[in-house]
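Taking it in order: structure first as structure tokens, then the write-up.
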Amino acid sequence: MAQILCNTTSPLNDFFKKSMLVSPGPPALYRLNTKRTNLDTDRGKIRKWTFGQTIRKWTMSRYGQWTCGENKTILMVGETGTGKTTVINTMVNYFLGVKFEDKVWFEITEEGKRDQTESQTSEITAYEIFVKQRPFSLTIIDTPGYGDTRGIEKDTEIAQNLYKLFVHDTGVKSLDAVCLVLKSSQNRISEVQHYIFEAVLSLFGKDIEDIVVLFITHSDGGPPTNALEAVEKEKIPCRYDTDNEPVHFIFNNRQSEKCTTKYECVFKSAWEMGERSMDEFFEFLKTQQKKSLTLTISVLKERMQLEACVQSLKERIKFMEAKQRELTQVQEALEQNKKEIEKDGKFPFTIKVTYKEKVNITDVSWKNRKITSCNECEENCHEFGCWFASGAQWCEIMKNKHCTVCQCHYSKHTKEGKKYVIKEKVETVTFEELKNKYLASNQERTSYDENAFKSVETVHEIKLKVKKNKTNLETRLKSLLDDNERQKGRLVKDAYVAILKLTEIALKPDSAFTVQYLDFLIPRVEDAGEREWAQKLKSIQKDAAKESIKATVGYLRGNDYFFRK
């Protein structure tokens, strides 16, 4: 190590003191010592690792935050195995001023394996680097590798983590570039890659498009024709240059490999390729204006509210249909036992009753162990991915202190490890018990014709005659069904409005996730008689009906993600 220090410049000597030797090389491999903090202290899923001394030049940014000098913030996204980690470390070495002749390689990342065929982390990590020789600091946001062996549920967690990173007081408020990492040999976009691009780009606002660039890895130095053609064919939103090509930067990914004398020229060429690309990339950054994440945060929140709305709609329809079956069975039981009931109002008969019960949540991932539910409506307003907020008041579905799903005040809600489930049971009842069950205990929540009820009750008291369309029991059940139908209509409208808003502000509004909602919503909108709405949704669906979306939907169906909910 002493020999390496002797042949290096003074700044590198300082970096050696702030790092740990992992391998003597060449190149000598060092891991930078970083100060580590968690932005979500309860889970540690959003991490910030800082290297170097923070520049003590505080200024107020345009986003209302105090910042230490100028900063460039880069978001890195890529499929597991594309070499994203190596590119991140390449950027760090470039920023530190490391040259090929120094025979040294610094890493800021930590992975248990050098083999990148499997992602080793599910956390989002923001790497902050401060170097005295640079007029600005650098922040690299590393998202976990999408599409690894742990499945789509882990991938959807990334959207939640990004949202928390963006809204946190000390989180990220703007971006200078979004870098999509893919291999140069990729001549077609696979289902997994489709899914990755859909999952990521659908999170951002439309104003992010002109800072989306491509990092093409494992390049031989020639034009990455295959990768560029695949990106253009699938119309991946990104920045285009004056030659009408996607803005891209090429890397070989061999900089950290052991360098022997026999192949030194090969490794030097790979290093110089990465260095040129970083020169070009940082020149690109100089010409770009920072993009606020305000619109992106709106997209993320809109997505969460849309998912909660559609999920609640599904549950409401399920409950309504169960209540419809219950009403039908009660009507049939009353008709079948009409003579016996007329003789004796206490004559017993059986019916199947639908009800809701709050039960403990078990056998789910940690991010689904607590949900926000309404005690007034007995509804699960935010069931999946409701882990971000500490309480119901701060849940993502709340707007102006009211729930966007059920419209009730947040004080009517509880966030806990329990949820409402729909159950059925067989009961032996009498007419009097049915009347008390469906009317007496629910009068405050029931809307029915009081005079008609009294007339039916009088007839019953005198002659014990029960008529199918005049019993107060039926009136109560029909009232409940009408109420469910009205709430269903409101949820359909809310989901429709949310999808329209997403199409206006999202960078990738026709993502596979939105298509799944369209498949569910269109028939419900048609059932509600809203032809104009249905036509609008079908138009959006038609625009999304291309091979890339079909492939992604196929990938989602194959993993049974939406259909497990």
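The peptide list 328-341, 85-98, put in order of mean Cβ contacts within 10 Å with the highest first, becomes 85-98, 328-341. Each residue, E526 and E416, gets one label point 7 Å from its Cα in the Cβ direction; the gap between the two is 4.2 nm. Cβ-to-Cβ counts within 10 Å put L306, L39 in ascending order as L39, L306, the fewest first.
On full extension, the segment bounded by E433 and V364 gains 20.9 nm, given 0.36 nm per residue less the C-alpha separation.
With each label modelled as a point 7 angstrom along the Cα→C-beta vector, the N33-K233 pair spans 5.1 nm.
In this structure, the residue pairs whose Cα-Cα separation is over 24 Å, taken from K314/K370; K17/K268; K45/K314; K48/K235; K356/K418, are K17/K268; K45/K314; K48/K235. Computed extension length for D210-Q289: 27.4 nm, one decimal, from 0.36 nm per residue of separation with the Cα-Cα distance subtracted. Between L21 and D483, what is the label-to-label distance in nm when each label sits 7 Å out along the Cα-to-Cβ direction? Using points 7 Å along Cα→Cβ, the separation is 7.5 nm. When R325, R303 are sorted by how many other C-beta atoms sit within 10 angstrom of their C-beta, beginning with the fewest, the order is R325, R303.
Coordinate-derived values only; no laboratory data. Predicted model only: the values in this text are computed from it and were never measured. Positions of Cβ are generated from backbone atoms using ideal geometry, with glycine treated the same way; all protein chains shown enter the neighbour counts.
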